[in-house]
Amino acid sequence: MECPRCKASAVILELKDVEIDYCPKCGGIWLDAGELERLLGDNARKIYSTFQKERFSKEKKLRCPACHRKMNKVVLISTRIDICPKNHGIWFDKGELQKVITAGDINSDVLKFLKDMFNNEIKE
Ligand SMILES: [Zn+2]
Ligand SMILES: [Zn+2]
């Protein structure tokens with residue numbers, strides 16, 4: 001897969017039996033539709049309940065790596081992410097997935113895994 005942010009080739013990582021696409025160049029993560037649910041279980045619903053579409057973002061629109069349509073900017077909890085209008089998946093820039101999980105106060109081993117994977121501290 002080509003990274004929607006920097007166009008580098010993404011690599012596939014396995015996280016709790018879910019294959020995720022990770023860009024080693026910019027540190028972003030692509031989750032296919034349904035993968036967030038598989039990673040977080042019922043907690044994914046808690047996150048989705050905060051979903052807000054952002055209409056007037058000035059940020060550059062990224063294209064979905066699956067269908068190449070321009071993705072929508074949406075806010076989950078307090079983090080702005082990119083989501084395919086055809087629901088192919090969600091793009092998280094570096095650190096954003098950790099931020100969403102942290103802000104959602106979700107008790108999940110995914111967070112530990114992400115921390116280990118990126119070997120960085122979550123700055124909040
Ligand atoms: Zn990238
Ligand atoms: Zn798409």
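The values are calculated or read from the model by the stated rules, or taken from the named source; none is laboratory data. Note that the coordinates shown come from a computational prediction; the quantities given were computed from them, not determined experimentally. Here the Cβ positions follow ideal geometry from the backbone for every residue, glycine too, while neighbour counts run over all protein chains shown. The area values use the complete protein model at the heavy-atom level, side chains included, leaving out ligands, DNA and RNA. Shrake-Rupley method; radii C 1.70, N 1.55, O 1.52, S 1.80 Å.
Label-to-label distance, residue 48 versus residue 69, with points set 7 angstrom from Cα along the beta-carbon direction: 1.7 nm. The listed residues 38, 63 rank as 38, 63 when sorted by accessible area, largest first, using a 1.4 Å probe. If you sort the three axes of the alpha carbon gyration tensor as a ≥ b ≥ c, you get a/c of 1.5 or more for segment 1-97 and a/b no higher than b/c, which makes it oblate. Annotation: amide H-H contacts under 5 Å for residue 89 (H modelled 1.01 Å from N, sequence separation of 5 or more, or interchain): 33, 84. Helical content of the chain, expressed as a calculated mean residue ellipticity at 222 nm, amounts to -6500 deg cm²/dmol (DSSP H runs of 4 or more residues, -39,500 (n - 2.57) each, divided by residue number, nearest 500). Below 11 angstrom from the Cβ of residue 94, what's the summed charge of the other residues (Lys, Arg +1; Asp, Glu -1)? That sum, taken over residues with Cβ under 11 Å, equals +1. Here segment 1-46 and segment 47-69 have alpha carbon centers that stand 15 Å from each other.
Taken along the Cα-to-beta-carbon direction at a fixed 7 Å, the label points for residue 13 and residue 61 span 2.9 nm. Highest mean packing first, where packing is the average number of other Cβ atoms within 10 Å per residue, the peptides 72-83, 10-21 line up as 72-83, 10-21.
Using only side-chain charges placed at the Cβ, +1 for Lys and Arg and -1 for Asp and Glu, the dipole size of the chain relative to its Cα centre rounds to 820 debye. Positive contributions from Lys and Arg (+1) and negative ones from Asp and Glu (-1), summed over other residues with Cβ under 14 Å from the Cβ of residue 25, come out at 0. The distance between label points at residue 80 and residue 108 comes to 2.3 nm (points 7 Å beyond Cα on the Cα→Cβ vector).
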